[in-house]
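All remarks here apply to the structure that follows.
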Amino acid sequence: MRVKNTFFVFAVFCVAAIFSAAPVFSQTDSEDWFYGKPIKNIVFDNLKNVKQGDLDGVTSSFISKPFSDDLISELYDRVFSLEYFDDVEIKAAKNADNGKTVNLILSVVERPVVMKLNFDGNRYIHDADLKSKISLKAKDIFVESKVLEDERAIRNYYIEKGYTKISVESSFEMRDDGAYVTFKIREGRQTVVKSIGFAGNQVVSSKTLKGKISLKEAGLFRKGSFQESSLSADSRAIVAYYQNRGYADAKVVNIDQKTSYNEQKNREEIEITFEIQEGIQYNFGGITFDGNHVFTTEELENLVTLKTGAVYNETKFQETRMNIQNLYYENGYTSNRFATDINKDA
């Protein structure tokens, strides 16, 4: 990246093609005439693939502001942050008003464009599906950081499809006409959920619990793709279901996984068992408040969504806690601390 030590190059030429009736200035003009003068126009020179209209949103906020070193530095930062250009040179030119306003011309060197996207090694997922998941497109300005982002996007897409052993490596080749990007993929075998079971559940049926989790068994109309991250999310969903029905001590104590290879279908199949400790059901015994001086106990009690004597519900309890906190925050008491002491009587 080449950036000149000075922020601008003094434009001593006629720019009538861009600004009408712009005069030619002599060498005796002051070299710092533009400081403090309002900027009237900002245009780009040497654009090939990037459109001027795509840049107006970046430069419009600088129009009418007085010229200064800080402003030009900020303009540089804004333009380079787009990652469209390898080089930017800013030129200042007098307008037709004899130097009362400043025109800025940004002479740029564009980065190469993406000429082709290649996928190598993908057998089970088509190129079109992969292209829809990445941000780089053919004829886009090539940005190296986006290649790594798209590498992760492809990997995540495969994981969603149950390919837990997926690996993706990206590379690119710069040619005279642009960049050629390749994603080398090693898919591995797909892993599907063969069965989902539950142990220790006496109060809630296995059928009901299956309906509360995101993992599904492979079947005629379901692919049953396995995702490791879903195990912890589904454990939380099971516990939340119990806690909203009064089983405040409920937990998933273990998740048993057994994997086998199905040679006929060339895939890994996993059997999952959630081992549950239900505990006992609690009723709600009420809430007492301590340390409240700004709001009365009656005011705080009006925010309680649980009814005393009803089956305990964790979600409603958390709603109550948030209602009380918001009451303080909305009235300017942002530094308050809230501690909850839960007493369980089995």
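Restricting attention to the stretch 130-149 and to residues that are surrounded by 19 or more Cβ atoms within 10 Å (Cβ to Cβ) and within 26 Å of V192 (Cβ to Cβ), the residue that is nearest to the chain's Cα centre (by Cα) turns out to be I134.
Of K258, K316, which residue is more than 19 Å from T208 (Cβ to Cβ) and in a helix (DSSP H, G or I)?
Answer to the check: K316.
Is there a residue in the stretch 242-251 that is in a strand (DSSP E or B), at negative phi and surrounded by 13 or more Cβ atoms within 10 Å (Cβ to Cβ)? Scanning the stretch 242-251, I find at least one residue that is in a strand (DSSP E or B), at negative phi and surrounded by 13 or more Cβ atoms within 10 Å (Cβ to Cβ), so the answer is yes. Please determine whether any residue of the stretch 159-173 is part of a helix (DSSP H, G or I), on the phi < 0 side of the Ramachandran plot and of a type in the set (D, E, K, R). Within the stretch 159-173, one or more residues are part of a helix (DSSP H, G or I), on the phi < 0 side of the Ramachandran plot and of a type in the set (D, E, K, R). When the stretch 38-72 is filtered for residues that are in contact (Cβ under 8 Å) with a residue 60 or more places away in the chain, part of a helix (DSSP H, G or I) and β-branched (V, I, T), only I72 remains.
Among the residues making up the stretch 106-145, those that are assigned to a loop (DSSP other than H, G, I, E, B) and within 30 Å of A93 (Cα to Cα) are R111, P112.
Restricting attention to the stretch 150-209, the residues that are surrounded by 14 or more Cβ atoms within 10 Å (Cβ to Cβ), closer than 18 Å to D140 by Cβ and free of Cβ contacts under 8 Å to residues at least 60 places away in the same chain total 6.
Evaluation of E271 against the conditions (1) surrounded by 13 or more Cβ atoms within 10 Å (Cβ to Cβ); (2) not assigned by TED's automatic domain parsing to the domain that holds I196 shows that the sole unmet condition is (2).
Would you point out the residue of the stretch 326-337, among those that are part of a helix (DSSP H, G or I) and either more than 10 Å from L303 (Cβ to Cβ) or acidic (D, E) (or both), that is farthest from the chain's Cα centre (by Cα)? My answer is Y328.
In the stretch 74-84 there is at least one residue that is of a type outside the set (G, A, S) and surrounded by fewer than 12 Cβ atoms within 10 Å (Cβ to Cβ). Going by what's in this entry, would G188 be described as out of contact with any strand residue (DSSP E or B) (no Cβ under 6 Å at 6 or more places or on another chain) and on the phi > 0 side of the Ramachandran plot? So G188 passes the test. Return yes or no: is I105 under 30 Å from E269 (Cα atoms) and not assigned by TED's automatic domain parsing to the domain that holds S229? Considered against the rule, which asks whether it is under 30 Å from E269 (Cα atoms) and not assigned by TED's automatic domain parsing to the domain that holds S229, I105 comes out as no. From the list K165, K207, which residue is among the charged types (D, E, K, R) and either in the same structural domain as Q264 (by TED's automatic domain parsing) or out of contact with any strand residue (DSSP E or B) (no Cβ under 9 Å at 6 or more places or on another chain) (or both)? The match here is K207. Scanning the stretch 281-298 for residues that are outside any loop (DSSP other than H, G, I, E, B) and in contact (Cβ under 8 Å) with a residue 12 or more places away in the chain yields one hit, N283. Taking the stated definitions as given, is T208 among the hydroxyl-bearing types (S, T, Y), over 25 Å from N262 (Cβ atoms) and under 28 Å from the mean Cα position of the chain (by Cα)? No: the conditions fail for T208.
Restricting attention to the stretch 175-190, report how many residues are touching a Phe, Trp or Tyr at 6+ places or on another chain (Cβ under 8 Å), part of a strand (DSSP E or B) and of a type outside the set (F, W, Y). So the count comes out to 6.
Determine if the stretch 92-113 includes at least one residue that is in contact with a Gly (Cβ under 6 Å, 6 or more places away or on another chain), at negative phi and not basic (K, R). So far as the stretch 92-113 goes, yes, one or more of its residues are in contact with a Gly (Cβ under 6 Å, 6 or more places away or on another chain), at negative phi and not basic (K, R).
The values are calculated or read from the model by the stated rules, or taken from the named source; none is laboratory data. All of these numbers come straight from a predicted model, not from anything done at the bench. Here Cβ is always computed from backbone atoms with ideal geometry, including for glycine, and neighbour counts include all displayed protein chains.
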